[in-house]
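To keep things clear, I will list the structure first and then write my remarks on it.
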Amino acid sequence: MRIKIWGARGSVPAPGPETMHYGGNTSCVEVTLSDGSTLILDAGTGIRNLGLALPRVERPIHILLTHLHLDHIQGLMFFAPLFRPESEIIVWGPASPEASLRERVGRYISAPLAPVEVRELPSHVSFKEAEPLEWDLGPARIRAQSVNHRGPTLGYRIDDGDTTLCYIPDHEPGLGAPLSQLEDDWISGFGLARGASTLIHDCQYTDAEYPNHLGWGHSPIADALEFGQRVEAEKLVLFHHDPLHSDDFLDGLCGDIHARWQELGRDPGQVELATERRELEISPQAAPVGA
């Protein structure tokens, strides 16, 4: 399994010279499965460039939305395959008692926010609610599970052979309680992420910033690292960078993050800050954590 990050920013796009390294586009990750088929995780502004790069294929395109906050669907309207009559696109996302997934996404792809309606798109688009659900896509087994964030929000686990990717980009696993003081069953997303080959996880705030954002649904560095350690993820990719965090600011965090990961008994080479256009190959764990 391979991944490519097309957007790693949270909340709002943050383009500019001060964010060129880590990127200013919002959440979007391309996943290539072992049979060559593609999944797309979230449709933030990063999906625009992904759509332009995707070859024309006969296979359906699956887009897995974690939730419908604007930074995770803003690029959908600019996804080139939506405007190709031969494209078949299946959009998965969280259920809500308020309205169907199609109706809720349609509020964005409609006037006055967009010049076209969902029904006017020339491609073949369908919507499927993914909660709670497990299903197979090609060689992969997909599991969707609710996680702690404002509004109906899913995390995804993708198992393909001996490799596992877990994607939880917006997450407050302990809701202010120190994770070190919580039992596993009381930590949001624990079972979903446990033993993942690669975990892509929210790390929007520094520990100093977090008290002013308690309950907003995002993680401070301490919780992101503790969560990654507790679930025994082989590799941790810290994601959903705050729009106020420049490249220089994030560079300054790297040394501290590596040192703290090592203090948890882990290899500092197995944690990194998500970077736009970064490509990673996901391999199965070679040995148990700490071996």
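Simple rule: put +1 on each Lys or Arg Cβ and -1 on each Asp or Glu Cβ in region 2-279, find the dipole, and look at Thr275, Leu133, Leu175; the Cα lying farthest toward the positive end is Leu133.
Between Trp92 and Ile63, Leu64, Leu65, Lys128, the built amide H atoms are under 5 Å apart, and every one of these is 5 or more places off in sequence or on another chain. A Förster radius of 25 Å combined with the Cβ-Cβ distance from Arg194 to Ile90 puts the calculated FRET efficiency at roughly 0.35. Taken about its Cα centre, the chain carries a charge dipole of roughly 820 debye when the Cβ of each Lys and Arg holds +1 and the Cβ of each Asp and Glu holds -1. Computed over the chain, the per-residue total of -39500 (n - 2.57) for DSSP H runs of n ≥ 4 gives a 222 nm mean residue ellipticity of -4500 deg cm²/dmol, rounded to 500. When the square roots of the Cα gyration tensor eigenvalues are ordered a ≥ b ≥ c, the ratio a/c for region 58-128 is 1.5 or more and a/b does not exceed b/c, which makes its shape oblate. Fewest neighbouring Cβ atoms within 10 Å first, the residues Thr275, Thr26, Thr66, Thr198 line up as Thr275, Thr198, Thr66, Thr26.
Within region 11-102, the GluC sites (Glu not before Pro) that combine a DSSP coil assignment with at most 10 other C-beta atoms in a 10 angstrom radius are Glu58, Glu98.
Between the DSSP loop rule and a limit of at most 16 other Cβ atoms within 10 Å, which chymotrypsin sites (Phe, Trp or Tyr not before Pro) in region 35-132 are left? Those satisfying the criteria are Tyr108. Computed 3J(HN,Hα) for region 246-256, one whole-Hz value per residue from the Karplus formula 6.51 cos²θ - 1.76 cosθ + 1.60 where θ = phi - 60°, is 6, 4, 4, 5, 5, 4, x, 7, 4, x, 5, glycine and proline marked x. What share of the DSSP beta bridges in the chain is antiparallel, in percent to the nearest 5? Taking every DSSP beta bridge with both residues in the chain, the antiparallel ones total about 50 percent.
Given their separation in residues at 0.36 nm each and the Cα-Cα distance between them, Ser123 and Glu98 gain 6.4 nm when the chain is fully extended.
Taking other C-beta atoms within 10 Å as the exposure proxy, Asp170, Asp136 rank Asp136, Asp170 from fewest upward. Once the mean of 1/r is taken over each pair of separate Cα atoms and inverted, region 207-249 shows a Kirkwood hydrodynamic radius of 11.7 Å. Sorting Lys4, Lys128, Lys235 by the number of Cβ atoms found within 10 Å of their own Cβ, with the fewest placed first, yields Lys128, Lys4, Lys235.
Hydrodynamic radius of region 137-211 by the Kirkwood approach over all distinct alpha-carbon pairs: 13.3 Å.
A convex hull fitted to the Cα coordinates of region 164-258 yields 90 cubic angstrom per residue. The label-point distance for His213 and Gln270, in a model that sets each label 7 Å from Cα toward Cβ, rounds to 2.7 nm.
Over all directions, the projected convex hull of the C-alpha atoms in the chain averages 14.7 nm² in area.
Every number in this text was worked out from the coordinates using simple rules, so none of it is lab data. Keep in mind that what you see is a predicted model, and the values were worked out from it rather than measured. For neighbour counting, all protein chains shown are included, and Cβ atoms are generated from backbone atoms with ideal geometry for every residue, glycine included.
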